[in-house]
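A.B. asks: Questions regarding the structure given below will be posed in turn.
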Amino acid sequence: MTVTITAFEQSPDRGRGLARDMRVRWALEEVGQPYDVHLLSFAAMKKQAHLSLHPFGQIPTYEDGDLVLFESGAIVLHIAEQHAGLLPNEVGARARAIMWMFAAVGTVEPPIVERSAAYLMERDKPWYAERLPMLDGRVCAQLDRLSRHLGDAEWLDGAFSAGDLMMVHVLRRLESSGLLQDYPNLVAYIARGEARPAYKQAFADQLAVFEAASAGK
Ligand code: GTB
């Protein structure tokens, strides 16, 4: 049975690999699992056919036979549990890798998403300029701590894991923010993630979707 995931028919990030299907694609590439992609418009995401897979009407989803999952973190964890390569075998190291996945989506990502949402929805509002330093401050508080933890290490806890995969992708959303420049070790950490062959393949595949959709317009 082939795994099928869902992704944007035409991603609003214009193929920069920032939408969350990228995490799932990257994880599948890391473990060598082939997959199909079902592309969806915003309208299709809110139709019953997709809501029956994802109650919040979003991407990505993951289908493998009878198993249907949503939430990129849960999907990546499932992939990592099914295949070797993304989680260590030793119980403690495995628990810590999963802990970093949660840290990525539960601690580092929320202020980044809040900042992006404010830019998208409030940047023409009179309060935006006043609010931005507070949003930046919340993001940087987490970057300070993460940067201090990472130090000169290659990855967050020993070998590359699903925790790094999630964290690198979360941080990538800041690439055009200007906030990463004060954290050269985080910039290098992201670059190490992006240099992985599995990342490159996943990135190329999602970019090809965007380019094909743009060419067909
Ligand atoms: N917590 C869920 C998960 O991790 O899977 C969040 C899923 C989610 O937010 N999905 C978004 C979605 O389906 C796409 S990734 N949105 C459509 C909707 O809600 O109607 C979020 C995203 C979108 C666009 C950019 N971008 O343009 O840079 C980045 C990230």
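The values are calculated or read from the model by the stated rules, or taken from the named source; none is laboratory data. Computed from a prediction, not measured in an experiment: that's the story for all the values here. We place every Cβ from the backbone using ideal geometry, glycine too, and count neighbours over all the protein chains shown. Keep in mind that these areas ignore ligands, DNA and RNA; they rest on the heavy atoms of the full protein, side chains included. Shrake-Rupley method; radii C 1.70, N 1.55, O 1.52, S 1.80 Å.
A.B. asks: Rounded to the nearest whole Å³, what is the per residue volume of the convex hull around the Cα atoms of the chain?
C.D. replies: Numbers: hull volume 29.1 nm³, N = 217.
Once divided by residue count, the hull of the chain is 134 Å³.
A.B. asks: In a GNM of the chain with a 10 Å cut-off on Cα contacts, which of Glu71, Glu81, Glu122 has the highest mean-square fluctuation?
C.D. replies: Glu122
A.B. asks: Now a separate question. Using the Cα centre as the reference, give the magnitude of the dipole from point charges on the C-beta atoms of the chain (Lys, Arg: +1; Asp, Glu: -1; all else neutral), rounded to the nearest 20 debye. Before the final figure, lay out the partial values.
C.D. replies: On the way: 22 positive and 28 negative charges, 99 e Å.
Dipole size: approximately 480 debye.
A.B. asks: Additional query: Note down the Stokes-Einstein diffusion coefficient of region 91-196 in µm²/s, whole number, using a Kirkwood radius over alpha carbon pairs, 25 °C, and 0.890 mPa s. Please report the intermediate quantities before stating the final value.
C.D. replies: Values: Rh = 14.4 Å.
For the chosen part, D equals 171 µm²/s.
A.B. asks: Calculated from DSSP H runs of 4 or more alone, at -39500 (n - 2.57) each and per residue, what is the 222 nm mean residue ellipticity of the chain, nearest 500? Don't skip to the answer; put the middle values down first.
C.D. replies: On the way: 10 runs with 121 residues, N = 217.
Here the helix-only value at 222 nm equals -17500 deg cm²/dmol.
A.B. asks: Let me ask something else. Over region 91-196, with every protein chain in place, what whole percent of the accessible area is carbon and sulfur at 1.4 Å, could you tell me? Mind showing how you got there, number by number?
C.D. replies: On the way: 3040 of 5320 Å².
C and S atoms contribute 57 percent here.
A.B. asks: With every protein chain left in place, what is the accessible area per residue of region 1-74 in square angstrom, probe 1.4 Å? Could the numbers behind the result be given before it?
C.D. replies: Details: 3620 Å² over 74 residues.
It amounts to 49 Å² per residue over region 1-74.
A.B. asks: If you take every DSSP beta bridge whose two residues both sit in region 1-107, what share of them, in percent to the nearest 5, is antiparallel? Write out the running numbers ahead of the final one.
C.D. replies: Values: 6 of 12 bridges.
Once the DSSP bridges in region 1-107 are tallied, antiparallel ones form about 50 percent.
A.B. asks: Ratio to report: Rg/Rh of region 1-125, with Cα atoms as the point set and Rh obtained by the Kirkwood method; give two decimals. Provide the component values of the computation, followed by the final result.
C.D. replies: Numbers: Rg = 15.7 Å, Rh = 15.8 Å.
For region 1-125, the value is 0.99.
A.B. asks: For region 91-196, what does the accessible surface come to per residue with a 1.4 Å probe? Please give it in Å². Present the calculation step by step, with values, prior to reporting the outcome.
C.D. replies: Working: 5320 Å² over 106 residues.
Accessible area per residue: 50 Å².
A.B. asks: Taking the Cβ of Tyr189 as the centre, find all other residues whose Cβ is under 9 Å away and add up their charges (Lys, Arg: +1; Asp, Glu: -1). Each step should come with its number before you reach the end.
C.D. replies: Values: positive: Arg192; negative: Glu154, Asp164.
In short, -1.
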